[in-house]
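Report on one structure; see the data block that follows.
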Amino acid sequence: MRTVLNVIWLVLCGIWLALGYLLAGVVCCILIVTIPFGLAAFRMADFALWPFGRDLVKRPDAGAPSAIGNVIWIVFAGWWLALAHLTTAIALAITIIGIPLAVANLKLIPVSLVPLGRVIVDRA
């Protein structure tokens, strides 16, 4: 079931959302100081391509630098990506088949807002 949902997700919205994260990552990597944000954006692009069967878990060793970085991320890029997820979720929720995809989009909003200090793990 996860594979079917991931394929439908990829076709309907996964590619576009991943491209948004990739764009944010490239811009962050061009500006040398923001390379950690770019790497986080690339991780989120991977998660946005295949969200079913994976979870986002807070790293226990993440500390104050991650929190400060997350605040900076929210101000400059996070809210745009969260808005994209919310808009896509509303559009997908209109159809019956899109409701699980809309829920997955809402699941991605926290990672779009606070990506640092988190790791993506496969569900058992």
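Regarding Arg54, is this residue charged (D, E, K, R) and surrounded by 14 or more Cβ atoms within 10 Å (Cβ to Cβ)? Walk me through it before giving the result.
Numbers: charged (D, E, K, R): yes; surrounded by 14 or more Cβ atoms within 10 Å (Cβ to Cβ): yes.
So Arg54 passes the test.
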**OP:** Report the residue count in segment 108-124 for those that are surrounded by fewer than 16 Cβ atoms within 10 Å (Cβ to Cβ), of a type outside the set (A, V, I, L, M, F, W, C) and free of Cβ contacts under 8 Å to residues at least 60 places away in the same chain.
**Re:** 1
Original post:
Can you find even one residue in segment 77-92 that is exposed (fewer than 15 other Cβ atoms within 10 Å of the Cβ), aliphatic (A, V, I, L, M) and assigned to a helix (DSSP H, G or I)?
Top reply: yes
**OP:** Please go through segment 45-75 and pick out each residue that is of a type outside the set (D, E, K, R), within 15 Å of the chain's Cα centre (by Cα) and farther than 21 Å from Gly98 by Cα.
**Re:** Leu56, Val57, Asn70, Trp73, Ile74
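Count, please, the residues in segment 97-124 that happen to be part of a loop (DSSP other than H, G, I, E, B), under 24 Å from Cys28 (Cα atoms) and more than 10 Å from the chain's Cα centre (by Cα). Outline the logic, then answer.
Within segment 97-124, the first condition is being part of a loop (DSSP other than H, G, I, E, B), and the residues that meet it are 97-98, 114-117, 123-124.
Next, only the ones that are under 24 Å from Cys28 (Cα atoms) stay: 114-117.
If we keep only those that are more than 10 Å from the chain's Cα centre (by Cα) as well, we get 116-117.
So the answer is 2.
Out of all the residues in segment 19-42, is one or more within 17 Å of Leu5 (Cα to Cα), small (Gly, Ala, Ser) and in contact (Cβ under 8 Å) with a residue 24 or more places away in the chain? Step through it out loud before you land on a result.
The initial filter retains those residues of segment 19-42 that are within 17 Å of Leu5 (Cα to Cα), namely none.
Checking segment 19-42: not a single residue is within 17 Å of Leu5 (Cα to Cα), small (Gly, Ala, Ser) and in contact (Cβ under 8 Å) with a residue 24 or more places away in the chain.
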Subject >> Sole exception among (1) under 27 Å from Thr3 (Cβ atoms); (2) in a helix (DSSP H, G or I); (3) of a type outside the set (Val, Ile, Thr); (4) touching a helix residue (DSSP H, G or I) at 6+ places or on another chain (Cβ under 6 Å) for Pro51, by number >> reply: (2)
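Is it the case that some residue within segment 43-56 is touching an Asp or Glu at 6+ places or on another chain (Cβ under 7 Å) and closer than 19 Å to Leu10 by Cβ?
Start the filter on segment 43-56 by keeping residues that are touching an Asp or Glu at 6+ places or on another chain (Cβ under 7 Å), which leaves 53-54.
From the residues that got through so far, the ones that are closer than 19 Å to Leu10 by Cβ too are 53-54.
For segment 43-56, residues touching an Asp or Glu at 6+ places or on another chain (Cβ under 7 Å) and closer than 19 Å to Leu10 by Cβ: present.
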Original post:
Given (1) modelled with pLDDT of 85 or more; (2) of a type in the set (A, V, I, L, M); (3) closer than 21 Å to Asp122 by Cβ, where does Leu22 come up short, assuming only one miss?
Top reply: (3)
Subject >> The listed residue being at pLDDT below 85 and either closer than 17 Å to Gly117 by Cβ or crowded, with 16+ Cβ neighbours inside 10 Å (or both), out of Gly63, Gly69 >> reply: Gly63
Subject >> Test set (1) within 30 Å of Gly98 (Cα to Cα); (2) in contact (Cβ under 8 Å) with a residue 12 or more places away in the chain - Val4 fails condition number >> reply: (2)
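The values are calculated or read from the model by the stated rules, or taken from the named source; none is laboratory data. Model, not experiment: these values are computed from the prediction. Neighbour counts are summed over all protein chains in view; Cβ atoms, including those assigned to glycine, are modelled from backbone coordinates with ideal geometry.
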